[in-house]
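Engineer: Take a look at the following structure, please.
Any read-out appearing in this document is the output of simple, stated calculations on the displayed coordinates, not a laboratory observation. Here the structure is a predicted model, which means the values were calculated and not measured. All Cβ positions, glycine included, derive from the backbone under ideal geometry; neighbour counts span all protein chains shown.
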Amino acid sequence: MAGNSMAVRDLEKIKKRRLQIIQAAYDAIALKGYNNFTVDDIAQMAGLSKGGVLHYFRSKDDILIHLLEHIYRLVETHIQKRTAKYRTPEKKLKAMIISYIIVAKIQPTFYTVMVDFWAQSSINRRMKEISTRIYGKMCLEMKKSIDLGIASGEFKEVDSQNASFAIIAMVTNIAVQWTFNNSIYNIDHVLRKCMNLVMSYLRR
């Protein structure tokens, strides 16, 4: 039993340390940009040595791959928590749309970091695969809400897959533009306009 307890503690320590390093990588990208930071920067922000960082990850790229997956998991969890509160398709869909904006408001660096990651997709096959897979999952969740609305008669017959891609593209662009310059528009007003457009398209 003592051996099992020790193994559990070791696993928890590894998990905690890896999360600490991933958070430091996020902070490094937010501060310096994707192409302008090093493992030494990550180590300094994590309060570790470079060797300590590389003990838990093979390379800078390995850290960034895990960071990208971690970010998407957080976003996915946030969306699921918000949508679980509602029962009707319209309310679920609205909650999902709002989630993308709330992320920008509570963590302004999020989309700055994500744009840096997206820019790497054309040259980094692994990052492209991860982004494509998880973006697809997000669109699938939205598609489910639209399909539910169509089945219940709340929404009219539309191509739910294309609609979900279009909605997410619109909402994330609103968030990205506001993140880069939050004086460009009142994001709450623009969100309401976006919501009205989506609902006028979907409602019977």
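Engineer: Could you give each residue of segment 121-137 its phi-based ³J(HN,Hα) in whole Hz, using Karplus coefficients 6.51, -1.76, 1.60 with θ = phi - 60°, and x for Gly or Pro?
Structural biologist: With coefficients 6.51, -1.76 and 1.60, one gets 4, 6, 10, 10, 4, 5, 5, 5, 4, 5, 4, 5, 5, 7, 4, x, 5 Hz.
Engineer: Related question: What's the exposure ranking of 53, 39, 158, going from fewest to most Cβ atoms within 10 Å? Intermediate values should be presented prior to the final figure.
Structural biologist: On the way: 53 25, 39 18, 158 15.
Arranged by neighbour count, lowest to highest, 53, 39, 158 become 158, 39, 53.
Engineer: Here's a follow-up. Classify segment 1-57 from the C-alpha gyration tensor, please: rounded if a/c falls under 1.5, else prolate or oblate depending on whether a/b exceeds b/c. If you can, show how the numbers build up before the last one.
Structural biologist: Values: a/c = 4.09, a/b = 2.82, b/c = 1.45.
Prolate.
Engineer: Now for a separate question. Determine the gain in length on full extension of the stretch residue 173-residue 188; use 0.36 nm per residue of separation and subtract their C-alpha separation, reporting nm with one decimal. Numbers along the way, then the final one.
Structural biologist: On the way: separation 15, 0.36 × 15 = 5.40 nm, distance 1.40 nm.
Between residue 173 and residue 188, full extension yields 4.0 nm more.
Engineer: Moving on to the next point. Counting other beta carbons within 10 Å of each Cβ, put 184, 98 in order, fewest first. Don't jump to the answer; show the numbers that get you there.
Structural biologist: Values: 184 10, 98 18.
Least crowded to most crowded, the residues run 184, 98.
Engineer: Then there is this: Mind listing the long-range amide H neighbours of residue 155? Cut-off is under 5 Å, sequence gap 5 or more, other chains count too, H placed in the peptide plane at 1.01 Å from N.
Structural biologist: Sorted by chain and number, the residues that satisfy this are 150.
Engineer: Out of the trypsin sites (Lys or Arg not before Pro) in segment 84-159, which ones are loop residues according to DSSP with at most 16 other C-beta atoms within 10 Å?
Structural biologist: On the way: sites: 85, 87, 91, 92, 94, 105, 125, 126, 128, 133, 137, 143, 144, 156; in loops: 85, 87, 156.
Sparse-neighbourhood loop trypsin sites (Lys or Arg not before Pro): 85, 87, 156.
Engineer: Ok, one more. In terms of the Cα gyration tensor, with a ≥ b ≥ c the square roots of its eigenvalues, is segment 80-144 rounded because a/c is under 1.5, prolate because a/b exceeds b/c, or oblate?
Structural biologist: On the way: a/c = 3.77, a/b = 1.64, b/c = 2.30.
Verdict is oblate for segment 80-144.
Engineer: In whole Hz and in residue order, list the ³J(HN,Hα) couplings for segment 187-204 that follow from phi through the Karplus curve 6.51 cos²θ - 1.76 cosθ + 1.60, θ = phi - 60°; x for Gly and Pro.
Structural biologist: Calculated HN-Hα couplings, in order: 5, 5, 5, 5, 4, 4, 4, 4, 4, 4, 4, 4, 6, 5, 6, 8, 5, 6 Hz.
Engineer: Explain nothing, just compute: Karplus ³J(HN,Hα) = 6.51 cos²θ - 1.76 cosθ + 1.60, θ = phi - 60°, for every residue of segment 81-97 in order, whole Hz, x for Gly and Pro.
Structural biologist: Running phi through 6.51 cos²θ - 1.76 cosθ + 1.60 with θ = phi - 60° gives 5, 5, 6, 5, 6, 10, 10, 7, x, 5, 5, 4, 5, 4, 4, 5, 5 Hz.
Engineer: Just to confirm my numbers, what's the Cα centroid distance between segment 37-53 and segment 106-143 in Å?
Structural biologist: When both Cα centres are located, 25 Å separates them.
Engineer: Specify which labelled value, from (1) 6, 17, 20, 22, 16, 8, 5, 3, 1, 0, 0; (2) 8, 37, 39, 15, 1; (3) 8, 29, 30, 20, 10, 3, 0, agrees with P(r) over Cα pairs in 10 Å bins from 0, in percent derived from the coordinates of the model shown.
Structural biologist: Given (1) 6, 17, 20, 22, 16, 8, 5, 3, 1, 0, 0; (2) 8, 37, 39, 15, 1; (3) 8, 29, 30, 20, 10, 3, 0, the calculated one carries the label (3).
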